[in-house]
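Asker: Handing you a structure now.
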Amino acid sequence: MDRSLAAAGALGPFFRVDDHPSPDWTSWAALSTDPKALRFRTEEVHAALAAWKPVPDIEPAVVASLTHLGLVARLVSPLLGAALLSGVLPVTPVENVHVHLTGANPLPLALSATSAVAVGSAEELADALHLHWLTPAVRPLTAAVRAVCSVSPRLLDGNVTSAVAGALRMAGVARPELAARADAVLDALLRSGPLEGTGRRREDGSFVRRSCCLCYRLPDAGTCGDCILDARR
């Protein structure tokens with residue numbers, strides 16, 4: 001396994017990856033090109049939400065949003081963890097990324113044939129993440145989610161920022177010496193590029209997104225800590 005990815009695994013379950021997928025895993029590329037693959041994961045999330053909060057019906061937009069958020073968070077966490085720890089961002093074509101779509105997050109994830117891009121500064125990491133992952137891997141997934149369900153693009157862009165911010169925050173909690181660099185990377189992402197304007201800092205320094213993932217529409221779910229609807233906004 002790539003050394004940087006192996007090191008990232010120590011940060012927590014969302015940061016762990018495998019070298020090789022099992023035969024029943026799905027390529028990340030298929031999530032954007034094969035409607036059956038995305039529909040399968042959406043149905044898994046719907047079933048999990050229905051078991052957690054039994055209600056007569058769950059809005060399709062809520063399921064689509066949370067499916068999208070969970071997948072993006074699973075993808076970016078090990079990549080950001082590896083970059084924070086080692087100063088290099090693992091990269092590989094989306095065809096070499098595979099995920100097991102059954103079960104609760106963190107889903108099993110495998111990356112193969114990775115190479116490394118040096119990311120010395122927070123700005124370099126932000127730029128590399130956009131170039132090698134958010135554009136070729138996350139943007140097509142976002143488009144595919146919108147194709148199967150009417151979800152606001154602003155909401156889905158907020159999901160991406162929330163997933164990135166959450167991964168950076170978790171890395172800083174697991175390894176406090178990474179916290180300052182993680183904060184700098186988030187600030188760089190919010191300043192420019194595709195995620196510009198999708199979130200900001202509160203007065204206490206915590207992150208708040210400028211949209212809502214719709215989780216609050218589930219009974220008794222409340223709001224997420226980075227939600228624009230949170231009382232601290």
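The values are calculated or read from the model by the stated rules, or taken from the named source; none is laboratory data. It should be emphasised that the depicted structure is a prediction, and the values quoted were computed from it without experimental measurement. Backbone-built Cβ (ideal geometry, glycine too); neighbour counts: all protein chains shown. Surface accessibility is based on the protein's heavy atoms, side chains included, excluding ligands, DNA and RNA. Shrake-Rupley method; radii C 1.70, N 1.55, O 1.52, S 1.80 Å.
Asker: Can you name every residue in segment 90-145 that is in a strand (DSSP E or B) and under 17 Å from the mean Cα position of the chain (by Cα)? Don't jump to the end; show me each part of the working.
Answerer: Taking segment 90-145 as the starting set, the residues that turn out to be in a strand (DSSP E or B) are 90-91, 97-99, 109-111, 115-118.
Those that are in a strand (DSSP E or B) and under 17 Å from the mean Cα position of the chain (by Cα): 90, 91, 97, 98, 99, 109, 110, 111.
Asker: Would you point out which residue out of 118, 122 is closer than 19 Å to residue 178 by Cβ and surrounded by fewer than 18 Cβ atoms within 10 Å (Cβ to Cβ)? Working first, answer last.
Answerer: Numbers: 122 fails: surrounded by fewer than 18 Cβ atoms within 10 Å (Cβ to Cβ).
It is 118.
Asker: Output the residues belonging to segment 10-30 that are surrounded by fewer than 19 Cβ atoms within 10 Å (Cβ to Cβ), under 16 Å from the mean Cα position of the chain (by Cα) and in a helix (DSSP H, G or I).
Answerer: 13
Asker: Have a look at 191, 139 and point out the one that is open to solvent by 10 Å² or more (accessible area, probe 1.4 Å), at pLDDT 90 or above and under 18 Å from residue 74 (Cα atoms).
Answerer: Numbers: 191 fails: under 18 Å from residue 74 (Cα atoms).
After ruling out the rest, the residue left standing is 139.
Asker: Scan segment 36-62 residue by residue and report those that are free of Cβ contacts under 8 Å to residues at least 40 places away in the same chain and crowded, with 20+ Cβ neighbours inside 10 Å.
Answerer: Hit for segment 36-62 is 45, nothing else.
Asker: Among the residues in segment 65-76, are any open to solvent by 40 Å² or more (accessible area, probe 1.4 Å) and either more than 23 Å from residue 143 (Cβ to Cβ) or under 15 Å from the mean Cα position of the chain (by Cα) (or both)? It would help to see each step written out before you state the result.
Answerer: Narrowing segment 65-76 to residues open to solvent by 40 Å² or more (accessible area, probe 1.4 Å): none.
No, because not a single residue in segment 65-76 is open to solvent by 40 Å² or more (accessible area, probe 1.4 Å) and either more than 23 Å from residue 143 (Cβ to Cβ) or under 15 Å from the mean Cα position of the chain (by Cα) (or both).
Asker: Just to verify a result, which residue in segment 211-224, among those that are closer than 21 Å to residue 153 by Cα and open to solvent by 30 Å² or more (accessible area, probe 1.4 Å), is modelled with the lowest pLDDT? Full working, then the answer.
Answerer: Taking segment 211-224 as the starting set, the residues that turn out to be closer than 21 Å to residue 153 by Cα are 211-218, 223-224.
Keeping just the survivors that are open to solvent by 30 Å² or more (accessible area, probe 1.4 Å) gives 216-217, 223-224.
Working: 216: 58, 217: 64, 223: 65, 224: 73.
Looking at residues that are closer than 21 Å to residue 153 by Cα and open to solvent by 30 Å² or more (accessible area, probe 1.4 Å), I get 216.
Asker: Taking the options 208, 164, 185, 151, name whichever one is of a type in the set (A, V, I, L, M, F, W, C), modelled with pLDDT under 95 and either assigned to a helix (DSSP H, G or I) or closer than 28 Å to residue 98 by Cα (or both). Show your work before the answer.
Answerer: Details: 208 fails: either assigned to a helix (DSSP H, G or I) or closer than 28 Å to residue 98 by Cα (or both); 164 fails: modelled with pLDDT under 95; 185 fails: modelled with pLDDT under 95.
Just a single option satisfies the conditions, and that option is 151.
Asker: Looking at segment 194-210, which of its residues are open to solvent by 40 Å² or more (accessible area, probe 1.4 Å) and within 17 Å of the chain's Cα centre (by Cα)? Break it down into steps so the answer makes sense when it comes.
Answerer: The initial filter retains those residues of segment 194-210 that are open to solvent by 40 Å² or more (accessible area, probe 1.4 Å), namely 194, 196-197, 200-201, 203-204, 210.
Across segment 194-210, the qualifying residues are 194, 196, 210.
Asker: Hey, residue 33 hits all of (1) open to solvent by 40 Å² or more (accessible area, probe 1.4 Å); (2) of a type in the set (Val, Ile, Thr); (3) touching an Asp or Glu at 6+ places or on another chain (Cβ under 9 Å) but one; which does it fall short on?
Answerer: Of (1) open to solvent by 40 Å² or more (accessible area, probe 1.4 Å); (2) of a type in the set (Val, Ile, Thr); (3) touching an Asp or Glu at 6+ places or on another chain (Cβ under 9 Å), only one is false for residue 33: (3).
Asker: May I ask you to verify whether residue 80 is more than 17 Å from residue 159 (Cβ to Cβ) and either open to solvent by less than 10 Å² (accessible area, probe 1.4 Å) or in contact with a strand residue (DSSP E or B) (Cβ under 9 Å, 6 or more places away or on another chain) (or both)? Let's see the steps before the verdict.
Answerer: On the way: more than 17 Å from residue 159 (Cβ to Cβ): no; either open to solvent by less than 10 Å² (accessible area, probe 1.4 Å) or in contact with a strand residue (DSSP E or B) (Cβ under 9 Å, 6 or more places away or on another chain) (or both): yes.
No; evaluated as a whole, the condition is false for this residue.
Asker: Can you work out which of the residues in segment 152-174 that are of a type outside the set (Gly, Ala, Ser) and touching a Pro at 6+ places or on another chain (Cβ under 9 Å) is most open to solvent (accessible area, probe 1.4 Å)?
Answerer: Looking only at segment 152-174, we keep the residues that are of a type outside the set (Gly, Ala, Ser), and these are 153-157, 159-161, 164, 168-170, 173.
Okay, now just the ones that are also touching a Pro at 6+ places or on another chain (Cβ under 9 Å), so 157, 160.
Numbers: 157: 60, 160: 8 Å².
So, considering only residues that are of a type outside the set (Gly, Ala, Ser) and touching a Pro at 6+ places or on another chain (Cβ under 9 Å), the one most open to solvent (accessible area, probe 1.4 Å) is 157.
Asker: Can I ask one more? Got a number for residues in segment 134-170 being within 17 Å of residue 196 (Cβ to Cβ) and among the hydrophobic types (A, V, I, L, M, F, W, C)? Spell out the reasoning first.
Answerer: Initial filter on segment 134-170 (within 17 Å of residue 196 (Cβ to Cβ)): 134-135, 138-139, 142, 153-165, 168.
If we keep only those that are among the hydrophobic types (A, V, I, L, M, F, W, C) as well, we get 134, 138, 155-156, 160, 163-165, 168.
Residues meeting the conditions: 9.
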